[in-house]
Each structure stands twice: as structure tokens, then as C-alpha cells.
Amino acid sequence: MDGESFRLACRDGGRRIERWLREFDARYGPALYREAAGVLQHLGAAEDLVQDTLIKVWQRCASFRAEGHPFAWVRQILRHALLDTLRARTPEEPLEDESGELRPAVQVAVHHLSADRVVQPDAEHETRVLDAMYQRCYARFAAAHPEHAQVLRWVAEDGLGPAEVAALLGRSPGATREFLSQCRKKARPFLAEWHALVSHSHPPDAPAGGSNNADPR
């Protein structure tokens, strides 16, 4: 399933492109579903978005010009759709419901991101506590500012460079740098509790060993 087979399937259309997309979905769909579900925290919404993405792939396949595997191109279409979905959500939606309980989507995010509580030796236990704290803080940040949080994850976890982020956001390089700066500024108050715990546990002249989470500041 390389770029050439995709271009030929697109050219012939009909049943050939249908077969190609079904095979692509069988092989690479799980990776797309995982990414969409991780962002949306809803399996049904993730499935719908991936299917919509494959329809867009069919509609736009004539614009495919890359020489490599089309997965990266399809994934970029999915990520554009994810950003559009996050932008369409009401940014002022509260984290808690009328009774003061965290809303189900937020509970799922916190549960998904938090580390299990297991008794560990001191150093390892401290690392797990810091990681769990970070994930809980980041979950609250993602619930309040989903687009900003997801873009920071793409930078920190997927290693996307400025040009790739700019392409996803549809912004100029300068505007992208400004947006990333805004992302970090929005993240700071949500991560303040974690940062205070890190500062208390690890003085400035000592490394915060063990934590794989980079401070987005």
C-alpha cells in the first residue's frame, strides 16, 4: 500500500479505490482511532471522525502528490479534522456539572491520564506521584483549552516541528510561534500545582529526575 498504488486506485476510482480504502482502514485504522479517541475522549465520536476522514481522502485523493506512504497524508487530514472539532466545542463549557461533580468526559480524561496508585520505593514512588500530578493538571488544561493542549502534545510527544504545526494550524510561521507561546501561557496556571510540587521535591540545583513530562513553560 504505497503511494503509487494509492494514486492508481484514485485514478481508476470505483471499486478499486473502495478496496484500497477498506484495506487501509484494516491496516492503519486502529492507529487513527487511537489518536482520535485520545483527543476526543469518546469512542463513538472518534469512529465517526475517522470514517469522515476516509471519505475526505476519497474526495481529495487527486491532490495527493507525496512520494512516500499515504498514511502521513491521511493522518494530516485527520488532525485537521480534530482541530476543527476542538475549535467547534464551546470553550466556556464548565469542568463540573450542576452537582459539582466532574463531567463524564473530564472524568474519563483524568482516569485515562492518571497513573495507577501503587506502593513503590521512595524514589520511584515520588516519580509516579509527580507524573500522576502532571497528568491530572494537564487533563484539566485539555478540558478547558482542548486545541491548545493538543497542539502542545503534538509538539512534545510527536515531535512535530514549527513547519508541521504551521501546516496543521493553517498559520504563517510567525503566527504559529505566537500561537505556541499562547499555548504555553494558557498551560501555566493549570500546571502551577505540579510545578510547585516539583520545585519543592527538587531544589533548583537538583534535576527533577524520573519524570518524562516536559514543563511546557
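The values are calculated or read from the model by the stated rules, or taken from the named source; none is laboratory data. All values derive from a computational prediction rather than experimental measurement. Cβ sites come from the backbone with ideal geometry, for glycine too, and all protein chains shown count toward neighbours.
Below, the figures for the structure above:
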quantity	calculated
Residues that are touching a Phe, Trp or Tyr at 6+ places or on another chain (Cβ under 8 Å), closer than 16 Å to His80 by Cα and of a type in the set (Lys, Arg), drawn from the stretch 133-189	Arg171
Residues satisfying the stated conditions in the stretch 35-79, i.e. in a helix (DSSP H, G or I) and aromatic (Phe, Trp, Tyr)	Trp58, Phe71, Trp73
Residues (under 12 Å from Glu4 (Cα atoms), in contact with a helix residue (DSSP H, G or I) (Cβ under 8 Å, 6 or more places away or on another chain) and surrounded by fewer than 16 Cβ atoms within 10 Å (Cβ to Cβ)) located in the stretch 64-86	Phe64, Ala66, Glu67, Gly68, His69
Which numbered condition Cys61 misses (of (1) in contact (Cβ under 8 Å) with a residue 40 or more places away in the chain; (2) surrounded by fewer than 16 Cβ atoms within 10 Å (Cβ to Cβ))	(2)
Near pairs, Cβ below 7 angstrom, 6+ apart or cross-chain, from the stretch 12-33 (on the phi < 0 side of the Ramachandran plot) to any residue that is among the basic types (Lys, Arg)	Leu32/Arg75
Helices (runs of 4 or more DSSP H) (entirely within the stretch 106-217) containing at least 3 residues that are at pLDDT below 85	122-144, 173-201
